[in-house]
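As structure tokens, the structure follows; a few thoughts come after it.
The values are calculated or read from the model by the stated rules, or taken from the named source; none is laboratory data. The model shown is predicted, which means the values in this text are computed figures rather than measured ones. In this analysis, Cβ positions are derived from the backbone assuming ideal geometry, glycine residues included, and neighbour counts consider all displayed protein chains.
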Amino acid sequence: MLAFACGGDDAPAETDATGSGSSTTEGDATTTGGPDTTTGETTANTGDATSSSSSSSVDDTTTTGGNESSSGESESSSGGSESSSGGSESSSGEGMAVLEVTVSDLQIFQDCMPIISPDPVQTTLTLDLTNVGDVPASATVVSASYVDAGGVSVGMIDLAPMMLGPVPVGESAVQALSKVADSLMPANGCGVLSCNESYTLVVELDVDGEVMQALSMPTPADCVF
């Protein structure tokens, strides 16, 4: 305190100005001289401006990434809508082949008196094919199976004809099919299908490399004894 009293009027005033500048910039600026303090403030402001610009740039990039993510979700949603419509979609050179297939007019019959072993089952059906894609589409029958009311596949058969189409763009075709004789697996006579019980025929198709299924309405198996 005695030393400050002898120093004169200007020294305390300079000390106060330096302290005020140091306090504004950062806590440890007391060890830095007055002129450096002013320069330190300028550097700090420049650093803040640089940091703000960088942060803004990062935010913009993040926003763009969010838009890309949203676009991906829309594609996934579109992919889900085609599957539920019953169509099968695949790449075919210049466009996409999409077929909507329904099963109608299913009839199941078996002669059990006498039992024609090992395969007494006869089946006929109609496939309705509609091309909703942008290129002609063809289909191949891969398999067909009888599914009972509990959802259990009890037997498999072959259908003819196997090759369907091509169906022109925007058009529909109706194709009659029938079970191939002696193709029932397992070949267990009238023990595979129960008479008067209802079965769904599940037809598996290959549409230009993409596999899809078409299901019939539950249909009773008629028998002759």
| task | Would you check if there is a residue in the range 123-134 being among the hydrophobic types (A, V, I, L, M, F, W, C), closer than 19 Å to Gly209 by Cα and in a loop (DSSP other than H, G, I, E, B)? | result | yes
| query | Going by the structure shown, is Gly151 in the same structural domain as Gln175 (by TED's automatic domain parsing) and within 20 Å of Cys223 (Cβ to Cβ)? | reply | no
